[in-house]
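To start, the structure under review is shown below, and the notes come after it.
No lab work stands behind these numbers, since they all come straight from the coordinates. Just so we're clear, the structure is a prediction, and the values are computed from it rather than from any experiment. Ideal geometry is used to build each Cβ from the backbone, glycine not excepted, and the neighbour counts take in all protein chains shown.
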Amino acid sequence: MALALSASPPPPPPLRSRRGAFRTSCSIFANPAQRAKRSLLELISDEDRGLRTQKDATKRDAIVNAIESMAVIGRSSITTGDSLSATWRLLWTTEKEQLFIIEKAGLFGTTAGDILQVIDVKKRILNNVITFPPDGVFFVRSDIQIASPQRVNFRFNSAVLRGKNWELPLPPFGKGW
């Protein structure tokens, strides 16, 4: 299970009163999806992309429940259309291979930088990218198939680990949704 966000539009301009600009943070004005998203982002904010969560089953369960709550709220939404095509930044995951790479990046004298998922629905591709600043990257390519209005299946077909002046092809393995 992973949570990723793409770039979002700028916030709306402040509401105006007769005396000037004001904002309100009262949650009654936010819709259920916005409240659920805010709650989930608060839960994962200090979890180091999921590394800390692996050691705290209670916190992991709370995050998974929050994700499932968002799924219930959006159950009638189409999440596999063109709006899925974007570059998404990983915020949290339970995916063991990704967590291993994040945790063990120090063995290569670096730390994991951005972890991205690049999806193009029309071209039917999904690429996972883990960056290792300043010059490294782990890149996994996969094909996708739309299985339902809310589900995309994938199968990895190539992987490579690159440094500044070297490249190591790796056997791809894995599939999922």
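Summary of computed values
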{"read-out": "For segment 125-132, 3J(HN,Hα) per residue [Karplus equation, 6.51 cos²θ - 1.76 cosθ + 1.60, θ = phi - 60°, Hz, x = Gly/Pro]", "value": "10, 9, 10, 9, 9, 10, 8, 10"}
{"read-out": "Sequence-distant residues sharing a close amide H with GLY113 (under 5 Å, placed H)", "value": "THR131, PHE132"}
{"read-out": "Amide hydrogen neighbours beyond the local backbone of ILE125, cut-off 5 Å, H modeled", "value": "ASP120, ILE144"}
{"read-out": "Sequence-separation-based contact order of segment 79-177, relative, with Cα cut under 8 Å and 6+ spacing, percent", "value": "21"}
{"read-out": "Burial ordering of GLU97, GLU42, fewest other beta-carbon atoms within 10 Å first", "value": "GLU42, GLU97"}
{"read-out": "For SER85, distant residues with modelled amide H under 5 Å away", "value": "VAL121"}
{"read-out": "Packing-based exposure ordering (other Cβ within 10 Å, fewest first) of THR131, THR110", "value": "THR110, THR131"}
{"read-out": "Estimated vicinal HN-Hα couplings, Hz - segment 31-41 in sequence order (Karplus 6.51, -1.76, 1.60; Gly, Pro = x)", "value": "6, x, 5, 5, 5, 5, 5, 4, 5, 5, 4"}
{"read-out": "Full-stretch length increase - ALA71, THR58 - with 0.36 nm per residue and alpha-carbon distance subtracted", "value": "2.7 nm"}
{"read-out": "In sequence order, calculated HN-Hα J values of segment 106-115 (Karplus, 6.51, -1.76, 1.60; Hz; x Gly/Pro)", "value": "x, 4, 9, x, 8, 10, 6, x, 5, 10"}
